[in-house]
Protein chains: 2
Amino acid sequence: MTEASLKKIDGGICASKGFKASGTYCGIKKPANDDPTIKHKNDICMYVSDVVCNAAAVYTQNKVKGAPILVTKANLEKSGNKAIAVMANSKNANTCNADGVEKANRMCELVANELNIPQEQVVVASTGVIGQVLPIEPIEKAVPVLVKELDYGKNEDAATAIMTTDTVKKEYAVEFKIGDAVCHIGGMAKGSGMIHPNMATTLNFITTDCAISAELLQKALSEIVKVTYNCLSIDGDTSTNDMVCLMANGLAGNNEITKENEDFEIFKTALYEVMASLTRMLAKDGEGASKLLECICTGAPDKDTAITIAKSVVCSSLFKAAMFGEDANWGRVLCAIGYADADFDINKVDVDLRSEKGTVAVCRNGAGVEFSEEKAATVLSSDEIYIDINLNQGNENATAWGCDLTYDYVKINGDYRT
Amino acid sequence: MTEASLKKIDGGICASKGFKASGTYCGIKKPANDDPTIKHKNDICMYVSDVVCNAAAVYTQNKVKGAPILVTKANLEKSGNKAIAVMANSKNANTCNADGVEKANRMCELVANELNIPQEQVVVASTGVIGQVLPIEPIEKAVPVLVKELDYGKNEDAATAIMTTDTVKKEYAVEFKIGDAVCHIGGMAKGSGMIHPNMATTLNFITTDCAISAELLQKALSEIVKVTYNCLSIDGDTSTNDMVCLMANGLAGNNEITKENEDFEIFKTALYEVMASLTRMLAKDGEGASKLLECICTGAPDKDTAITIAKSVVCSSLFKAAMFGEDANWGRVLCAIGYADADFDINKVDVDLRSEKGTVAVCRNGAGVEFSEEKAATVLSSDEIYIDINLNQGNENATAWGCDLTYDYVKINGDYRT
């Protein structure tokens, strides 16, 4: 499949056939008008497939794991990677609480009872402050409301309910064909700070109506998370509650993908498109961010080297602050390339800074070249900055996403709990 | 030796017998009154021992290495770790320049000619902006001035000349006895941003009049850098120009230390005192910092685990921002412990937040405990915050140093080059 045959569509997680969603306000968040940092009032959401799905998931590698992570993992193991319903809340991460697992299980039980489905086919997720006891009463009251409100067009109600310091909801969906069957993949994501994924990230929920075995669903997810969410960093902090959950209900009617054939490649291309687009949205809405940074490392001897170098640059606090200041301080790019944990020859490296306003070559063969500061200032005045690194020592490449470091990041995180 | 028998003294690098220093303004920096970010006018300094020294050094592990690093390393290899003189400039790192090595060698040549010593016994260092061509003419003019001005009491002239965004000079010295001989170790350091040492850090110059073999001098330095400078992070960015240089001229008259005996332990205790004190000063004067953070990890199964965990906490942007906001967001401490690359049981971990204003227990056995927000706010209003982590699974411990993340860090680094 060429990328051109992918069609971007609306609908987020409801773009896939047979997925209903809902969102509501239950009171875990303060009411929106009491807290100017909260952009949307919903604080809990649900989505449900009309039929049982194959499910795949990746989780945070942080040793401190949120209770919902532990419970979801156990559920999917018990159900043999089958799932029907997902419930997620924001503002409270239900992490580092003595009664966390009990509460997360209770959330699953509530959903299972209301929908009359097995408890182990429920996925649960929480995001927000770590170490505050999760109030269960508001959730008990919310579950019947959420179930009653479920609808095929309510993806936005769900996408806004998982927002914490996010300033915009993040949804993306595509349509593509496998044989004659029209398939869809749709996703939503939250995340703005504490983002430095390691094998998983933030909360990302993806649905598809494509028929695909649980095993290949997991394989596709694990492969693509490596080059999308795992190449994203807002602040270097790997969250305790990172999870990507991908559910496939098969309602598109294609022949089930059970082998690593051409159909599998088509599915992965579509999945990459959704996950990379959500990754980019997460980066652009990083806490306090004024600019998206996209670092594209080419000419690498191997994929891991390309990933490591691209990530190192978007993680550099100094470079991020320079981008905020629109200062073409490319020495900080070289510095970050230099401390990346990879094996390569620094003396072959070329660096350009680029935006829709132009390109400035700043470094050739590891050394500075003269450039117009005026032109650089123009290039960097854009709100999407590309850092092109050519290692000139191979054919592999990778992209990493991040954002600038601003006063607002400090402000947001100087007092997040209140 | 007990630590009590160490006597803190004045004099910085000139506290050791037989070391003269000088500093001057040569014009690499803009004149101080043209640039409010520059606190001191000197931009180049020198120090010289009356007799040839054994020299030890550790250097940045960044693959991008400043030209002075390459030249100093080559010199010490050539001289068999002997050195007499050190020259260092600020404001320009002489890094990523096509003619960098040539210029760094020229700096050594100038010093060697003026002092009539072998060129390979000169150590050279530069700190400042990466990737700007180093003007050599101001340095050519400065060298005779520096040599003329050399004096036993001019440690401050040197210590201020290496400052970049530093707001205070950093000097520390101790006196101690080996046998009947009164020995000294004195040091100066610079560094405020781009500090996340890996085997070396920033620019740190240490002198001693203790007689000790070059081999043991290097061994002591490498051991102690691991638990001092390498446990420091301001912003996660490992500089291209990090170096610690330690020179011993033997003028104290003690029997030369050539074995790992009790004298060697005394020397290491004194060296630790100087290096740990300078590390603490560097952390406290981190770019934009309003608070020193000192994370003490105890009860660890091994030293490396203790170091990794303590560093992880002081590196967390989110925790650093919370400390700026004086917000007892201990969940971020747990999160940072959790993503530390070490093997331990998170469910045994206790955390306290402490300052001279009191202590608050915030976490026991990996879960939150109730505490008074009011008391926590009082504790965190101090400008030196201690994070006490007890892993409760062994007897090793380590300390890491850092600072809070503030608006001023962003401001300083949003436009550093101009």
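The values are calculated or read from the model by the stated rules, or taken from the named source; none is laboratory data. Quick caveat, the model's predicted, so the values are computed rather than measured. With ideal geometry, Cβ positions are generated from the backbone for all residues, glycine too; neighbour counts draw on all protein chains shown. Side chains included, ligands, DNA and RNA excluded: accessible areas come from the protein's heavy atoms. Shrake-Rupley method; radii C 1.70, N 1.55, O 1.52, S 1.80 Å.
Can residue B:138 be described as under 22 Å from residue B:58 (Cα atoms), surrounded by fewer than 23 Cβ atoms within 10 Å (Cβ to Cβ) and more than 25 Å from the chain's Cα centre (by Cα)?
Criteria not met by residue B:138.
Scan region B:82-122 residue by residue and report those that are in a helix (DSSP H, G or I), of a type in the set (Val, Ile, Thr) and away from every other protein chain (no Cβ under 14 Å).
Across region B:82-122, the qualifying residue is only B:111.
Taking the condition away from chain B (no Cβ under 14 Å) and modelled with pLDDT under 80, does residue A:231 pass?
Here the answer is yes, as residue A:231 does meet what is asked.
For residues that are of a type in the set (A, V, I, L, M, F, W, C) and more than 20 Å from residue B:188 (Cβ to Cβ), tally how many sit in region B:228-258.
1
Only one of these conditions is not met by residue A:194: (1) at pLDDT below 90; (2) open to solvent by less than 20 Å² (accessible area, probe 1.4 Å). Which number is it?
Against the list (1) at pLDDT below 90; (2) open to solvent by less than 20 Å² (accessible area, probe 1.4 Å), residue A:194 comes up short only on (2).
Kindly indicate the residue of region A:333-342 that is open to solvent by 10 Å² or more (accessible area, probe 1.4 Å) and not acidic (Asp, Glu) and also farthest from the other protein chains (Cβ to nearest Cβ) among those meeting that condition.
In this case the residue turns out to be A:342.
What do you reckon, is residue A:125 part of a strand (DSSP E or B) and under 26 Å from the mean Cα position of the chain (by Cα)?
Taking the combined requirement at face value, the residue satisfies it.
Among B:15, B:32, B:93, which is open to solvent by 30 Å² or more (accessible area, probe 1.4 Å), of a type outside the set (Phe, Trp, Tyr) and modelled with pLDDT under 95?
B:32
Spot the failing condition for residue B:146; the list is (1) modelled with pLDDT of 90 or more; (2) closer than 15 Å to residue B:19 by Cβ; (3) outside any helix (DSSP H, G or I), and only one is missed.
(3)
Can you tell me which residues in region A:114-147 are among the acidic types (Asp, Glu) and more than 30 Å from residue B:373 (Cα to Cα)?
Result: A:114, A:120.
Tell me whether region A:280-292 contains one or more residues that are part of a helix (DSSP H, G or I), open to solvent by 10 Å² or more (accessible area, probe 1.4 Å), within 14 Å of chain B (Cβ to nearest Cβ) and not hydroxyl-bearing (Ser, Thr, Tyr).
no
Residue A:81 - would you say it is within 23 Å of residue A:133 (Cβ to Cβ), crowded, with 19+ Cβ neighbours inside 10 Å and either modelled with pLDDT under 95 or out of contact with any Phe, Trp or Tyr (no Cβ under 8 Å at 6 or more places or on another chain) (or both)?
No; evaluated as a whole, the condition is false for this residue.
Any residue at all in region A:410-417 that's touching a Cys at 6+ places or on another chain (Cβ under 9 Å) and within 13 Å of chain B (Cβ to nearest Cβ)?
Taking every residue of region A:410-417 in turn, none turns out to be touching a Cys at 6+ places or on another chain (Cβ under 9 Å) and within 13 Å of chain B (Cβ to nearest Cβ).
Can you tell me which residue within region B:156-178, out of those that are among the hydroxyl-bearing types (Ser, Thr, Tyr) and surrounded by 24 or more Cβ atoms within 10 Å (Cβ to Cβ), is nearest to residue B:211 (Cα to Cα)?
By that ranking, first place goes to B:172.
Every residue, every condition in (1) within 13 Å of chain A (Cβ to nearest Cβ); (2) out of contact with any strand residue (DSSP E or B) (no Cβ under 8 Å at 6 or more places or on another chain); (3) at pLDDT 90 or above, yes or no:
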residue	(1), (2), (3)
B:351	yes, no, yes
B:357	no, yes, yes
B:363	yes, no, yes
B:376	yes, no, yes
B:379	no, no, yes
B:383	no, no, yes
B:395	no, no, yes
B:403	yes, no, yes
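Among the residues of region A:376-391, are any of a type in the set (Val, Ile, Thr), within 26 Å of residue B:165 (Cα to Cα) and open to solvent by less than 60 Å² (accessible area, probe 1.4 Å)?
No - not one qualifying residue is present in region A:376-391.
Out of A:284, A:259, report the one residue that is closer than 30 Å to residue A:207 by Cβ, within 20 Å of the chain's Cα centre (by Cα) and among the basic types (Lys, Arg).
A:284
In region A:318-332, which residues are free of Cβ contacts under 8 Å to residues at least 40 places away in the same chain and open to solvent by less than 20 Å² (accessible area, probe 1.4 Å)?
If the condition is that a residue be free of Cβ contacts under 8 Å to residues at least 40 places away in the same chain and open to solvent by less than 20 Å² (accessible area, probe 1.4 Å), then A:318, A:319, A:322, A:329, A:330, A:331, A:332 are the ones that fit.
In region A:350-390, what residues are of a type in the set (A, V, I, L, M, F, W, C), closer than 22 Å to residue A:405 by Cβ and in a strand (DSSP E or B)?
Across region A:350-390, the qualifying residues are A:351, A:353, A:360, A:362, A:363, A:385, A:387, A:389.
Scan region B:312-349 residue by residue and report those that are assigned to a loop (DSSP other than H, G, I, E, B) and aliphatic (A, V, I, L, M).
Selection gives B:328, B:340, B:342, B:349.
Kindly check whether there is at least one residue in region A:298-310 that is among the polar types (S, T, N, Q), at the interface with another protein chain (Cβ under 7 Å from one of its Cβ atoms) and over 22 Å from residue B:318 (Cα atoms).
No, region A:298-310 has no match at all.
Would you say residue B:310 is surrounded by 24 or more Cβ atoms within 10 Å (Cβ to Cβ) and farther than 18 Å from residue A:235 by Cβ?
yes
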